[in-house]
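The values are calculated or read from the model by the stated rules, or taken from the named source; none is laboratory data. Computed from a predicted structure; not experimentally measured. Glycine also receives a Cβ, built like all others from the backbone with ideal geometry; neighbour counts cover every protein chain displayed.
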Amino acid sequence: MKTLDMPSFGADMESGKVVEWCVQPGQKIKKGETVALIETSKGLIDMEVFEDCEVEQFIAKLDSEIPVGNPIVKLVGDKNSGQSQELEVEISQTEPEVENFNASHKTDEVLTNESQFEHSIKATPAAKAYAQMHNIDLKDCSATGVDGAVCLDDVSHSSKAVPRKRGEFDTDQMRHAIAAVVSKSKREIPHYYLSLDIDLTKSEIWLTKLNEERTPEDRVMVNVPLMCAVARALHKHPDFNGEYVNEHFSHSPDVNLGIAIRLRKKGLVAPAIHKADTLNVFEMMNSLKSIVERSKKGGLKQSELQNATTTLSSIGDRGTDQIYGVIFPPQVAIIGVGKVNQKPVAINGRVEIRSIVNVTLAADHRVTDGQMGARFLNEIRKLLQKPEQFLGGLS
Amino acid sequence: MNRFELEKVIKTAIVDIAPDVDPEELATDDDMRDELDLDSMDFLNIIVAVSKGSGVNIPEADYAQVLTLDAMCEYVESRLN
């Protein structure tokens, strides 16, 4: 017997909610199948299993906040995947659970000094934080906690807390989570920055020819060869592809390229395209379409949100010339791509108009140095001068 | 396909991409990407919808000619007639 625990979908995540079970007790499920929908600050995420198994029993109560690492369902499988741990106690749905909801609050204490409250309402700090995030008035909640206080369960089950649909997210909650991640990054990761202008003309000409005979739904976008180049450069320069944890850097065997995707209403997610270095340009385009669609409409998988080994952030064709990103911990680099501009360039003593894109690197100085970063950026530049190689996968 | 039907195809695609937007309030002679805050994938999805709905394939080289609702409709109408 083993359990599936509430996963972390990012360095900022402390808890999540199971809002829907996608399986039944006694059901046999295959690796990759979705077990439950988890509500997080990034919206609804599909939680999948990583090996064939059978569902034994649900542990988590629907719509209750479950701290990251706590079990949510019991499974019976062939072997321990390492994803879960055996636990003898089931999760408790009482007040101590809220301790992990917001680490900055002392949650075993109900504030009774009524002068601290505008409406003289007793509430646990976790309930207050949740209410603030979801714009819920504590007056509208029942109070079933200790000494008649409003507790986390009261707020999360309040009629004012509207159940989330796929593709929806709470803007305040997401911005709060983003703020936590970028603040942690800037606090803990010594960033260094490099920039390189790359001639994209050959790639553009090649891509225009490639797309000429293709219908719009089969066309490859101009940033896709760039994605292929970045992924393959990461394969060749693994010091930019991995994670830094407990003062130690570990290379990742795979290049799982996180793609920063802007959502309407101030949202931002960065799901990963797995093994991006092995994809040809068509596979990369299909993967990009898939994660963009599911980022905006729901259906992102747990593995896509957890496993990025480096991130690429493109400001877009109507953005700015340059973008310097903030590294998502525990990653050690983020690549920024500006908009493509037509610029005069000296080539063999003559001035020609070329398509130029600025590519930046923000990297963790604990792991790499400027010279290494420069070689990495120049690898991207070299790869983009021979875009025809992106027709095949990386051999 | 007449102008009304063509606009319906485009507006349906817009609602799918930007459910928070009322396409009836879209200024027909303004760049859709700015008006609707569309990224390049969103714009491609509109091109795909128009292609499927009207049968007119807008090549990449002509994207700059179809940035407004009016321009897109006129472009497609001219290729249908």
Exercise. Can B:MET72 be described as part of a helix (DSSP H, G or I), more than 10 Å from chain A (Cβ to nearest Cβ) and touching a residue at least 40 places away in the same chain (Cβ under 8 Å)?
Worked result: yes
For this session: Answer yes or no as to whether B:ILE58 is within 9 Å of chain A (Cβ to nearest Cβ) and either assigned to a helix (DSSP H, G or I) or over 23 Å from A:GLU293 (Cα atoms) (or both).
Result: no
For this session: Select, from B:LEU36, B:LEU6, the only residue that is touching a Leu at 6+ places or on another chain (Cβ under 9 Å), over 22 Å from A:LYS289 (Cβ atoms) and either within 11 Å of another protein chain (Cβ to nearest Cβ) or buried (at least 19 other Cβ atoms within 10 Å of the Cβ) (or both).
Result: B:LEU6
For this session: Go through segment A:38-71 and count every residue that is within 16 Å of the chain's Cα centre (by Cα) and either farther than 16 Å from A:LYS301 by Cβ or of a type in the set (A, V, I, L, M, F, W, C) (or both).
Result: 6
For this session: Say whether the condition of being within 23 Å of A:ILE178 (Cβ to Cβ), at pLDDT 95 or above, polar (S, T, N, Q) and out of contact with any helix residue (DSSP H, G or I) (no Cβ under 8 Å at 6 or more places or on another chain) is met by at least one residue in segment A:302-321.
Result: yes
Exercise. Just wondering, is there one or more residues in segment A:243-251 that are touching a strand residue (DSSP E or B) at 6+ places or on another chain (Cβ under 8 Å), without any contact (Cβ under 8 Å) to a residue 12 or more places away in the chain and surrounded by fewer than 24 Cβ atoms within 10 Å (Cβ to Cβ)?
Worked result: yes
Exercise. Do you know which residues across segment B:33-55 are within 14 Å of B:VAL76 (Cβ to Cβ) and in a helix (DSSP H, G or I)?
Worked result: B:ILE46, B:ILE47, B:VAL48, B:ALA49, B:VAL50, B:SER51, B:LYS52, B:GLY53, B:SER54
Problem set entry | Restricting segment B:12-33 to residues that are of a type in the set (D, E, K, R) and farther than 14 Å from B:ALA71 by Cα, the residue that is nearest to the other protein chains (Cβ to nearest Cβ) | B:ASP20
For this session: State which residue is nearest to B:ALA18 (Cα to Cα) when the search covers only segment B:39-55 and only residues that are more than 10 Å from chain A (Cβ to nearest Cβ) and crowded, with 16+ Cβ neighbours inside 10 Å.
Result: B:GLY53
Exercise. Of all residues in segment A:245-298, which are in a helix (DSSP H, G or I), of a type outside the set (D, E, K, R) and within 14 Å of another protein chain (Cβ to nearest Cβ)?
Worked result: A:MET284, A:MET285, A:ASN286, A:SER287, A:LEU288, A:SER290, A:ILE291, A:VAL292, A:SER295
Problem set entry | Subset of segment A:187-220 [more than 14 Å from chain B (Cβ to nearest Cβ) and of a type in the set (Val, Ile, Thr)] | A:ILE189, A:ILE198, A:THR201
Exercise. Would a scan of segment A:223-239 turn up a residue that is small (Gly, Ala, Ser), surrounded by 17 or more Cβ atoms within 10 Å (Cβ to Cβ) and within 13 Å of another protein chain (Cβ to nearest Cβ)?
Worked result: no
Problem set entry | Residue check, B:ALA27 of a type in the set (Gly, Ala, Ser) and assigned to a loop (DSSP other than H, G, I, E, B) | yes
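Out of the residues in segment A:1-34 that are β-branched (Val, Ile, Thr) and crowded, with 20+ Cβ neighbours inside 10 Å, which is farthest from A:GLU51 (Cα to Cα)?
Per the stated criteria, the residue is A:VAL18.
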